[in-house]
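Please read the structure below before turning to the comments.
The values are calculated or read from the model by the stated rules, or taken from the named source; none is laboratory data. Bear in mind the structure is a predicted one, so any value in this text is a computation, not a measurement. Cβ coordinates were reconstructed from backbone atoms using ideal geometry, including for glycine residues, and neighbour counts include every protein chain displayed.
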Amino acid sequence: MYDGGKIIFGLIIFLVLVTLPFTLSIGKDYTKVNPKIDTPEIMKLPETERKCVESKDFMRKEHMKMLIEWRDAVVRDGKTLYVNSQGKTFNMSLQNTCMQCHSNKSKFCDECHNYVKVKPYCWDCHIEPKENIKKEAAL
Amino acid sequence: MSNINRREFLKILGIGTFMGLGGWSIFEVVGKGEIEAFVEKYKKAPEALQAKRWAMVIDLKKLDQKIIHDCTEVCHRIHNVPKILNPKEEIKWIWEEKFKNAFPEMKDDYMSPEIKNMPVLVLCNHCENPPCVRVCPTKATFKRKDGIVMMDMHRCIGCRFCMAGCPYGARSFNWRDPRQYVKNENPEFPFRMKGVVEKCTFCYERLDRGLPPACVEASKGAIMYGDITDPNSEIRKILSSNFAIRRKAKLGTKPSVYYLL
C-alpha cells in the first residue's frame, strides 16, 4: 500500500469526526420524552371513560393530520361534530374539546414538540389552558 | 393441464381476470371494515341553525346609543376583538357610523342634520356577490353554503386585497399582536395573530350551536335575522311590508344587510 500511514491516519480522523455526535454525548443526560396525560380533568373521569377521541396509538401518529381535517371541517364546511371509530360523537374544537382534558399544554404538547423541534403555530391564535400560565408564572 | 377443455379454460381465465382487477383486495378491505367513504366522520350539529342565505335587517328607528353600545360591546367581547384606540390600527367587526357616511350616495345638500348624523350600525354585509372573496389569492375568505362570507384565519397571508376590494370598509388588519389589547378574553374563541385580516363572521360559531348572532340578541329587537330565501321567515315578512335600503346597492355586491328607515 502506497502512503499507508497517511491513509490510516486520515481514516482515523474521519472516524473520529463521524462519531463525534455520539462520543460528545457520552455521560450527558439523556432527555427522555415523557408527555403527561394525568391532568385533574382526566383523572376525574371514571376509568372506563378515560379515552381520547381515538386510540392512543392513532392519536400519537395521526393527531396532526386529524387536527387539520377537523379545522377544515369546522371552518370551511361548518361541520362541528366528529364521529369516531367507535361511533361516539365529539365536538371538534382544539380549545373547547382537546384542551379541556389535556389542560397541561407544557407537559402534553410542548414535551414532544420541543424534543423534535417542531413549532406548530396553533397557539399564535388559539388560547392555551389557563392552568398552564399559572404554573409557568410560579416557576 | 393436458386434459383441460375450452370451457374450463375460459372459467379459469375469467376468475383470474376478476382477481387481477383488484377483486381480492376488495375482500381484504371489506373484511377489515376500512371503507371510510361509508362512515360519515364529520357531521353538522343537530341543533345548528341552517339557511340557504342568512340575512339581517337593522331597524334604524329602534337604534339608540345604548343598543349600539351593547351590540358592539358584546360582539367584540365574545370574539376577542382587540380594543386599539389608534384609528389607523383599530379592529372592528360592528361599529357606529353616521348616516351620511354609511350611505354616502344618499347625501343631499338639504337633508336635515338629524338624518345626516343619525347613528347607523354597520358590519360586514355578507354580500351575495362578495368582491373580497373574488380577490383573495389563497381562498382564505370564502362564501359558505349558507351565504356567510367567512374567514379562514389559517390561510390568510395578510395581503389585504380583500380590504381594498370591500366597498364597506368592513375588514380590519392586525397591525400588531391583538392579545395585549384584549382585557377579558373569551376562552372559548381564538384570537387572531399579527398580519391577518378579520371581520364579522355572522356569528357562525353561534349559529352552529343553535344560537342567534350576538348582536341580534343584544339589540332588543332592533336587529332581526333569518333566511332570506324562505318566504315565511321573519325578515322576509318585514321586507315585504317595509321600505328597506342596502348600503351601496348599486355596486352590485348584493349585500345581505338591510336597513329600515
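Of note:
- Output for the stretch B:111-153, where each listed residue is among the basic types (Lys, Arg) and over 25 Å from B:MET193 (Cβ atoms): B:LYS116, B:LYS145
- Qualifying residue in the stretch B:136-157 (condition: in a strand (DSSP E or B), in the same structural domain as B:GLU90 (by TED's automatic domain parsing) and within 21 Å of B:ASN86 (Cβ to Cβ)): no
- Residues being surrounded by fewer than 18 Cβ atoms within 10 Å (Cβ to Cβ) and either closer than 24 Å to A:ASN91 by Cα or among the hydrophobic types (A, V, I, L, M, F, W, C) (or both) - total across the stretch B:219-238: 1
- Where helices (runs of 4 or more DSSP H) sit wholly within the stretch A:14-81, those with at least 2 residues that are surrounded by 15 or more Cβ atoms within 10 Å (Cβ to Cβ) and without any contact (Cβ under 8 Å) to a residue 12 or more places away in the chain occupy A:56-77.
- Some residue of the stretch B:67-90 being part of a strand (DSSP E or B) and over 27 Å from B:GLY158 (Cα atoms): no
- Residues located in the stretch B:230-258, provided they are touching a residue at least 40 places away in the same chain (Cβ under 8 Å), closer than 18 Å to B:GLY165 by Cβ and part of a helix (DSSP H, G or I): B:LYS250, B:LEU251
- In the stretch B:96-150, residue nearest to B:ARG171 (Cα to Cα) [restricted to those that are within 14 Å of chain A (Cβ to nearest Cβ) and among the small types (Gly, Ala, Ser)]: B:ALA140
- Test: residue in the stretch A:74-87 that is of a type in the set (S, T, N, Q), more than 9 Å from chain B (Cβ to nearest Cβ) and under 22 Å from A:CYS109 (Cα atoms): no
- Residue within the stretch B:186-201 that is surrounded by 18 or more Cβ atoms within 10 Å (Cβ to Cβ), touching a Ser or Thr at 6+ places or on another chain (Cβ under 9 Å) and part of a loop (DSSP other than H, G, I, E, B) present: yes
- Filtered by the rule that a residue be over 25 Å from the mean Cα position of the chain (by Cα) and in a loop (DSSP other than H, G, I, E, B), the stretch B:91-125 gives B:LYS107, B:ASP108, B:ASP109, B:TYR110, B:MET111, B:SER112, B:ASN117, B:MET118.
- Filter result for B:GLY226 (modelled with pLDDT of 95 or more, within 14 Å of chain A (Cβ to nearest Cβ) and in contact with a strand residue (DSSP E or B) (Cβ under 9 Å, 6 or more places away or on another chain)): no
- Residue selected from the stretch A:94-116 under the condition surrounded by fewer than 20 Cβ atoms within 10 Å (Cβ to Cβ) and among the polar types (S, T, N, Q), by the criterion farthest from the other protein chains (Cβ to nearest Cβ): A:ASN114
- Flag for B:TYR204 being touching a strand residue (DSSP E or B) at 6+ places or on another chain (Cβ under 9 Å), among the hydroxyl-bearing types (Ser, Thr, Tyr) and either under 27 Å from A:CYS122 (Cα atoms) or within 14 Å of another protein chain (Cβ to nearest Cβ) (or both): yes
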